[in-house]
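Okay, structure first, notes after.
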Amino acid sequence: SDPLHHRFQVGIFRDLLTDGVVLGLLTLPLMMAGLLLVALPISVFLAGATLEVLIADDGNPFFQQFVRGGAHFFWRFLRLAIGGGIVMIVVVGATALGVASAVEPLMRSAWPPGAFVAVTIEVLAVGVVTTYFLLSFDYARIRLAMSDRGGVLRAWLSSLWLVARHPVQTYGLACIFAILFAAVAAGYLLAVSALGTHTMTLILVTVAIQQV
């Protein structure tokens, strides 16, 4: 019989490491963790820098406002991203499990489109909850930047209540920006496919557009 059915085998595990199987399985999670560690502080810095440029009226040069805003709001925005992100993951996970349990009879029903409807309900529920938290993060950052006082938790709780009280306005605005972003992305992809990126000038223009 297979020895792995009875107990952990150090020798077999060593052979797997030697062959690279386990390392291959760990590559994707490690890459995602690395990207998160890099993307999170960059995103936090850019959020603070952008808000400072938009609200500042002191007449200082753009670059000075940009760097000042990124540094000034960095730690508060980072606490918001980490603390709120942990809560969001827990709530979204609980929502996914709860909705999956609720639609399980529909998934197993004999109705032909039952499985499709069940998956659609799950995706919509997770999407609505995730968007709710993402919107609250955006409004909390705006509140912190506009007032430049008060705690991160208070600003976030107020933003959660704001999105809950005005779901049509907040979700509607998010949908408008999503449509605009999709239109710009589609235009960009069409332009790249038509023009290509085979010259250094086009490569630099492509990189610049991606940053915008």
Requested in this report: Determine the order of LEU106, LEU30 by accessible area, beginning with the largest, at a probe radius of 1.4 Å.
Outcome: LEU30, LEU106
Requested in this report: Any chance you could look up the accessible area of MET31 with a 1.4 Å probe, heavy atoms only, rounded to 10 Å²?
Outcome: 110
Report task. Using the 2.2 N^0.38 Å rule of thumb for compact globular proteins, work out how the stretch 58-116 stacks up: its C-alpha Rg over that value, please. Result -> 2.17
Report summary line: Probe 1.4 Å, all chains present, heavy atoms only: ARG68 accessible area in Å², nearest 10, is 80
Query - Estimated vicinal HN-Hα couplings, Hz - the stretch 116-127 in sequence order (Karplus 6.51, -1.76, 1.60; Gly, Pro = x) - result: 5, 5, 5, 5, 4, 4, 4, 5, 5, 4, 5, x
Query raised in the report: What list of ³J(HN,Hα) couplings, whole Hz, do you get for the stretch 58-64 from phi and the Karplus terms 6.51, -1.76, 1.60, once you set θ to phi - 60° and write x for glycine and proline?
Result: 8, x, 6, x, 4, 5, 5
**Report entry** Whole-Hz couplings from phi, Karplus 6.51/-1.76/1.60, listed for the stretch 34-49; x for Gly and Pro
**Finding:** x, 4, 5, 5, 7, 6, 4, x, 5, 4, 5, 4, 5, 5, x, 5
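What percentage of the solvent-accessible surface of the stretch 118-184, computed with a 1.4 Å probe over protein heavy atoms, is contributed by carbon and sulfur atoms?
76
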Query raised in the report: Taking the mean number of other Cβ atoms within 10 Å as a proxy for protection, how do you rank 37-50, 69-82 from highest to lowest?
Result: 69-82, 37-50
Report task. May I ask you to order 117-130, 177-190 by the average number of other C-beta atoms within 10 Å around their residues, highest value first? Result -> 117-130, 177-190
Requested in this report: Starting from the Cα of THR131, move 7 Å in the Cα-to-Cβ direction to define the label point; list residues of the stretch 167-196 whose amide nitrogen is under 16 Å from there.
Outcome: 167-183
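The values are calculated or read from the model by the stated rules, or taken from the named source; none is laboratory data. Note that the structure is predicted; figures quoted are calculated from it, not measured. Don't worry about glycine lacking a Cβ; one is built from the backbone with ideal geometry, like all the others, and counts go over all protein chains shown. Ligands, DNA and RNA are stripped out before the accessible areas are found, and what is left, the full protein with its side chains, is counted by its heavy atoms. Shrake-Rupley method; radii C 1.70, N 1.55, O 1.52, S 1.80 Å.
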